[in-house]
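Let me begin by presenting the structure, written as structure tokens, before commenting on it.
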Amino acid sequence: MDYNPDAAADARRTLTIPAECAGMRLDRALAVLLPEHSRSRIRAWIDAGRVLLAGAPADPSRKVGGGEHVLVHPLSDPAATAYAPQALPLTIVYEDEAILVIDKPAGLVVHPGSGNRDGTLANALLHHAPQLAAVARAGIVHRLDKDTSGLLVVAKTEIAQTDLVRQLQARTVHREYLALAAGDVARGGAVDAPIGRHPVRRTSMAVVASGKAAVTRYEVRERFGDCTLLACRLETGRTHQIRVHLASLGHPLVGDPTYGRKRGIAFGRQALHAWRLGLVHPSTRKPAQWESPLPPDFATLLATLRARAGAHGR
């Protein structure tokens, strides 16, 4: 794709506030006129002096009357270019001009942060598709924990990113996981419990009354006596959601170093794999879905458990 980030960031738009927006705040009116961009992004442009009303920097809270001429000078998110491209291997399941679907291996951090300034998925994405330097967070719209494997979608344009974020907010992105939980889970069900920062262990999450709403649905796929294979579906996307919710039931993930048990089946990471991803394509508006096979370590673990169960059954 022929793409010039500097040109995209410098593309000015002249807009006229329509009569039906009369009485709205300027930032809300611009969100109506520029639906491909989020209101927070538009607000950032206003705060940076990139939106002019009557030739002067605009106030986001100013009420508009209709008929005003507004000059919008978009600005790339500086956080998008805060790290460097790196030639790291990527497993690309799908790619077009709007999105990328990545099958992330366990052990790969999604986004640079404290202790992980490089060697991340974001660094790899910037090398694979340099135009992502013009998109906030290199196009990343949702994350997987470092040691969780599986599918995630990346937006290649700001328009696609805004659309995908709205789909996530509307809970219309379908994310399904395979999870190996400790213990014998009696039946499928749902956990509807808010998740927030742990009151004591600040690097961990927990079910807390002051947390954000979180819903995980799960069903039993296979039983092994001391552990159970579950299919989990997220309705929300809180940090460590499946790990925290299953631990709250007394069935933490096998291998989970933060929320799991000290004893039990040995596995080098939390046994969690994002195996199915479904969404509405931002450009075609058609439903799309992808699946990822279990990675070798998880597949080997299940094969061992099945063989053990078969031996006990004889």
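The values are calculated or read from the model by the stated rules, or taken from the named source; none is laboratory data. Given the structure is predicted, the values throughout are model-derived calculations rather than measurements. Every residue, glycine among them, receives a Cβ derived from its backbone with ideal geometry; neighbour counts consider all protein chains shown.
Assorted remarks:
- The single condition among (1) in the same structural domain as D226 (by TED's automatic domain parsing); (2) of a type outside the set (F, W, Y); (3) in contact with a Pro (Cβ under 6 Å, 6 or more places away or on another chain) that H198 does not meet is (3).
- For segment 1-31, filtered to residues that are among the β-branched types (V, I, T) and surrounded by fewer than 14 Cβ atoms within 10 Å (Cβ to Cβ), the residue that is modelled with the highest pLDDT is T16.
- Q289, sole failed condition from (1) in contact with a Phe, Trp or Tyr (Cβ under 7 Å, 6 or more places away or on another chain); (2) modelled with pLDDT of 95 or more: (1)
This table checks each residue for (1) touching an Asp or Glu at 6+ places or on another chain (Cβ under 6 Å); (2) modelled with pLDDT under 95; (3) within 22 Å of R202 (Cα to Cα); (4) assigned by TED's automatic domain parsing to the domain that holds A98.
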site: T216; (1), (2), (3), (4): no, no, no, no
site: I242; (1), (2), (3), (4): no, no, yes, no
site: L253; (1), (2), (3), (4): no, no, yes, no
site: H273; (1), (2), (3), (4): no, no, no, no
site: P282; (1), (2), (3), (4): yes, no, no, no
site: L301; (1), (2), (3), (4): no, no, no, no
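- Some residue of segment 129-142 being within 29 Å of A247 (Cα to Cα) and buried (at least 20 other Cβ atoms within 10 Å of the Cβ): yes
- Here segment 170-191 is the region considered, the condition is being charged (D, E, K, R) and in a strand (DSSP E or B), and the residue that is farthest from the chain's Cα centre (by Cα) is E176.
- In segment 134-161, residue modelled with the lowest pLDDT [restricted to those that are in a loop (DSSP other than H, G, I, E, B) and farther than 21 Å from G268 by Cβ]: V135
- Residue match in segment 43-55 (condition: in contact (Cβ under 8 Å) with a residue 40 or more places away in the chain, within 19 Å of T162 (Cα to Cα), in contact with a helix residue (DSSP H, G or I) (Cβ under 7 Å, 6 or more places away or on another chain) and outside any loop (DSSP other than H, G, I, E, B)): no
- Of all residues in segment 254-278 being in contact (Cβ under 8 Å) with a residue 60 or more places away in the chain and of a type in the set (A, V, I, L, M), the one that is farthest from L234 (Cα to Cα): I265
- Hits in segment 161-206 (condition: of a type in the set (V, I, T) and out of contact with any Gly (no Cβ under 8 Å at 6 or more places or on another chain)): T162, V165, T172, V185, V191, V200, T203
- Close pairs from segment 93-110: first closer than 12 Å to L125 by Cβ and in the same structural domain as Q131 (by TED's automatic domain parsing), partner part of a strand (DSSP E or B) and polar (S, T, N, Q), Cβ under 8 Å, at least 6 apart: K104/S149
- Check on A84, touching a helix residue (DSSP H, G or I) at 6+ places or on another chain (Cβ under 7 Å), modelled with pLDDT under 85 and either closer than 21 Å to A133 by Cα or surrounded by 13 or more Cβ atoms within 10 Å (Cβ to Cβ) (or both): no
- In segment 123-133, the residues that are part of a helix (DSSP H, G or I), more than 28 Å from T258 (Cα to Cα) and modelled with pLDDT of 90 or more: L125, L126, H127, H128, P130, Q131, L132
- Any hit, segment 91-102, residues being over 28 Å from the mean Cα position of the chain (by Cα) and surrounded by 13 or more Cβ atoms within 10 Å (Cβ to Cβ): no
- Taking the listed residues H251, H281, the one that is closer than 18 Å to T148 by Cβ and in contact (Cβ under 8 Å) with a residue 12 or more places away in the chain is H251, with no other qualifying.
- Verdict on V141 being within 11 Å of the chain's Cα centre (by Cα), closer than 15 Å to D96 by Cα and of a type outside the set (S, T, N, Q): no
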